[in-house]
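In what follows, a structure is listed as structure tokens, so that the remarks can point back to it.
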Amino acid sequence: MTPGPLGRRFYQRPTLTLAPALLGAWLCRREGDSVRRGRIVEVEAYTDDAASHCRARRRTPRNAVMFGPPGYAYVYFTYGMHHCLNVVAESDGVPGAVLLRGLDGLADANGPGRLCRVMGIDLQLNGVDLTTGESLWLEPGRRRRGERIVRTTRIGIRHDVELPWRFYLLGSPGVSRRDRAAEAEGNHG
């Protein structure tokens with residue numbers, strides 16, 4: 001028996017607090033009678049910083065989901081070929097979301113575009129309530145004994161590149177890109 005989806009309160013916290021809390025949780029996708037599950041092992045946090053779709057707290061039709069309420073999926077299409085899945089954080093009206101970058105337990109689910117392809121996530125899931133357990137949701141999980149979180153900079157952005165807002169589980173095969181310098185410096189929990 002599965003534990004069921006995480007509730008709204010789980011998501012209603014600062015983006016930088018939610019991001020590492022998602023590591024070890026399970027991303028679940030129902031299509032028909034089957035459910036695919038992958039363990040979240042890499043994430044990036046976005047608030048109203050210069051690299052975010054919500055920079056300067058400007059709401060648009062594209063980013064409106066990022067302004068809450070928390071616990072919803074923000075899916076967008078990028079580079080004309082990739083979908084990316086974010087989990088909305090914060091409280092209603094405050095922009096913030098966590099990009100899911102890597103999963104363990106499913107082949108080729110490292111990187112946000114590949115993750116979405118493997119899980120069958122596209123723009124039709126933008127704005128889906130992750131707390132219902134219908135088509136897309138997250139289930140509780142935890143870090144395994146001895147698993148450490150590496151904190152480092154985000155990937156593939158041009159602004160605020162120095163912010164250490166990417167988190168991943170050290171040694172996980174689902175991580176899209178390791179930061180050996182951060183690992184050696186002990187930037188982990």
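Provide Rg over Rh for region 1-94; use the alpha carbon set for both Rg and the Kirkwood Rh (inverse mean inverse pair distance).
Across region 1-94, the Cα-based Rg/Rh ratio is 0.97.
Could you give the length gained on full extension between Arg8 and Arg62, defined as 0.36 nm per residue of separation minus the Cα-Cα distance, in nm?
Roughly 17.2 nm would be gained on extension.
Work out the length of the dipole vector of region 35-167 about its Cα centre, built from +1 on the beta-carbon of each Lys and Arg and -1 on the beta-carbon of each Asp and Glu, and round it to the nearest 20 debye.
360 debye
Could you tell me which residue out of His83, Thr153, Trp26 lies farthest along the dipole of the chain toward its positive end? Charges go on the beta carbon: Lys and Arg +1, Asp and Glu -1, centred on the Cα centre.
In the chain, that residue is Thr153.
Can you tell me what the convex hull of the Cα atoms of the chain projects to on average, as an area in nm²?
10.4 nm²
For the full complex of protein chains and a 1.4 angstrom probe, list His83, His159 by accessible area with the highest value first.
His159, His83
Under a plain spin-label model, where a point goes 7 Å from the Cα along Cα-to-Cβ, how far apart in nm are Glu185 and Arg37?
In this crude label model, Glu185 to Arg37 measures out at 3.6 nm.
Sort 91-103, 114-126, 64-76 by the packing proxy (mean of other Cβ within 10 Å over each peptide's residues), most packed first.
91-103, 64-76, 114-126
With θ taken as phi - 60° and the coefficients 6.51, -1.76 and 1.60, list the Karplus ³J(HN,Hα) couplings across region 60-76 in order, rounded to whole Hz; mark glycine and proline as x.
10, x, 5, 9, 3, 4, 5, 8, x, x, x, x, 10, 8, 10, 10, 9
Among rounded, prolate and oblate, which fits region 37-78 when a ≥ b ≥ c are the square roots of the eigenvalues of its C-alpha gyration tensor, a/c under 1.5 means rounded, and a/b larger than b/c means prolate?
Prolate, because a/c is 1.5 or more and a/b exceeds b/c.
To the nearest 0.05, how large is the calculated FRET efficiency for Arg142 and Thr78 if R₀ is 41 Å and r is the Cβ-Cβ distance?
It comes to 0.85.
Using a/c under 1.5 as the rounded threshold, could you call region 53-159 rounded, prolate or oblate? The axes a ≥ b ≥ c are square roots of the C-alpha gyration tensor eigenvalues, and prolate needs a/b larger than b/c, oblate otherwise.
It comes out rounded by the Cα gyration axes.
The values are calculated or read from the model by the stated rules, or taken from the named source; none is laboratory data. Predicted model only: the values in this text are computed from it and were never measured. Glycine also receives a Cβ, built like all others from the backbone with ideal geometry; neighbour counts cover every protein chain displayed. For accessibility, only protein heavy atoms count, side chains too; no ligands or nucleic acids. Shrake-Rupley method; radii C 1.70, N 1.55, O 1.52, S 1.80 Å.
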